[in-house]
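A short worksheet on the structure shown next.
We did not get these values from a lab; they are worked out from the coordinates using the rules stated. It should be emphasised that the depicted structure is a prediction, and the values quoted were computed from it without experimental measurement. Virtual Cβ from ideal backbone geometry, glycine too; neighbours counted across all protein chains shown.
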Amino acid sequence: MLKFVHQAIRDIRTTGSVFPSSRRLARAMTSSLREHRGEKRILEVGPGTGAFTEEILDAMRGHDALDIVEVNPVFCEHLEHRLLKPFRARHSSMSIRLHISSIEQATLDGGYDFVICGLPFNNFPLVLTQSIFARMLTLLRDGGELIYFEYPGMRTMKRPFVGADGREHIRNFKAFARMTAKTHRVTRELVVANFPPAHAVRLTKRQRSP
Ligand SMILES: C[S@@+](CC[C@H](N)C(=O)[O-])C[C@H]1O[C@@H](n2cnc3c(N)ncnc32)[C@H](O)[C@@H]1O
C-alpha cells in the first residue's frame, strides 16, 4: 500500500489513483478466469503492486501462461520479489513473464484468451487511450475478453472544472466508448467496495465476419 501511494505521489499521471484496487474489485475483474474451462493465456497490463495479479495467479491451473506488462520499474521489482518469484518456484509448469515496458512498446505474441487491464484511462489523452485499446484488442483472440475498470461518473464530475478543450475531450471519449460498445459485447459490474467505487467492464471481442 505505502509503495503504491509513494509512486502515485511521484507520478499520478501513469499511476492514476492514490490507492490500489480493493480485493472485491480484483475478484470482479478476474471472475471469468475462474469460470474458464481448459488452458488459458492471460495478459495483465498495469499491475502496479499486484492487486489483480494475486487473483490472476490464484485462478491459474496446469499449463496456463501469464504475461505481465508494467512500465514502472519500481512496481516491477516489487511484483517480482513479492509474488512472481515465489509463484514460479511452486508452479514450474506455468509460464509467468514480466515485461518492464509500456503496453505500446512491449513485444508480445498475441492470441490471448484474457487481457486484464489496470490502466488509468481517466488520465490519458484520447488518442493514447484509442491506440492502447486497439493494441489490446489486436492481442486478444476472437471471442476473448478484455476486462478493465472505470470510475463511474468521474468524467461528468470533472466537467464543470475543465475548459472547452476538456469538455470536447469528454464528449469525444464518450463517443469512443459508445462506438466500442457497438462493435463488441460490453457488460459492467458495479463494485461499491472500492475507493472510489468502480465498474469492472467486460468486453468480449466480436469475431470478424469472414
Ligand atoms: C491505476 S494503477 C493500477 C494498479 C493495479 N492494477 C490496481 O488496480 O491497483 C495503473 C498502473 O498502470 C501502469 N501503467 C501506466 N501506463 C502504462 C502503460 N502505458 N503500459 C503499462 N503500464 C502502465 C502504472 O505504472 C500503474 O502501475
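Which whole-Hz couplings ³J(HN,Hα) result when phi for each residue of segment 131-140 is put into the Karplus expression 6.51 cos²θ - 1.76 cosθ + 1.60, θ = phi - 60°, listed in order with x for Gly and Pro?
Whole-Hz 3J(HN,Hα) from phi for segment 131-140: 6, 5, 4, 4, 4, 5, 5, 5, 6, 8.
Please give the length that would be gained between residue 206 and residue 142 if that part of the chain were fully extended, namely 0.36 nm times their separation in residues minus their C-alpha to C-alpha distance (nm, one decimal).
22.4 nm
Of all DSSP beta bridges in the chain, what percent run antiparallel (nearest 5)?
So the antiparallel bridges amount to about 40 percent of the total.
Using the Karplus curve 6.51 cos²θ - 1.76 cosθ + 1.60 with θ = phi - 60°, what ³J(HN,Hα) values do you get for each residue of segment 190-206, in whole Hz, with x for Gly and Pro?
7, 10, 7, 7, 8, 10, x, x, 9, 9, 8, 9, 10, 10, 9, 5, 6
Note the full-extension length gain between residue 2 and residue 89 as 0.36 nm times their separation in residues minus their Cα-Cα distance, in nm to one decimal.
This chain segment gains 28.7 nm when fully extended.
Run the simple label-point estimate for residue 162 and residue 134 please: 7 Å along Cα→C-beta, distance reported in nm.
2.1 nm
Evaluate the distance, in nm, between pseudo-label points positioned 7 Å from the Cα of residue 23 and of residue 154 along their respective Cα→Cβ axes.
2.4 nm
Can you give the three extents of the C-alpha atoms in the chain along their principal axes, from longest to shortest, in whole Å?
The principal-axis extents, from largest down, are 54, 49, 33 Å.
Taking only DSSP H segments of four or more residues, each worth -39500 (n - 2.57), what value at 222 nm results for the chain once the sum is divided by all its residues, to the nearest 500 deg cm²/dmol?
After summing the helix terms and dividing by the residues of the chain, the value is -11000 deg cm²/dmol.
Before anything else, pin down the relative contact order of segment 55-210: Cα pairs under 8 Å, at least 6 apart, normalised by residue count, whole percent.
Relative contact order, segment 55-210: 20 percent.
For segment 1-131, calculate the relative contact order in percent as a whole number, restricting contacts to Cα pairs under 8 Å that are 6 or more residues apart.
Computed over segment 1-131, the figure is 31 percent.
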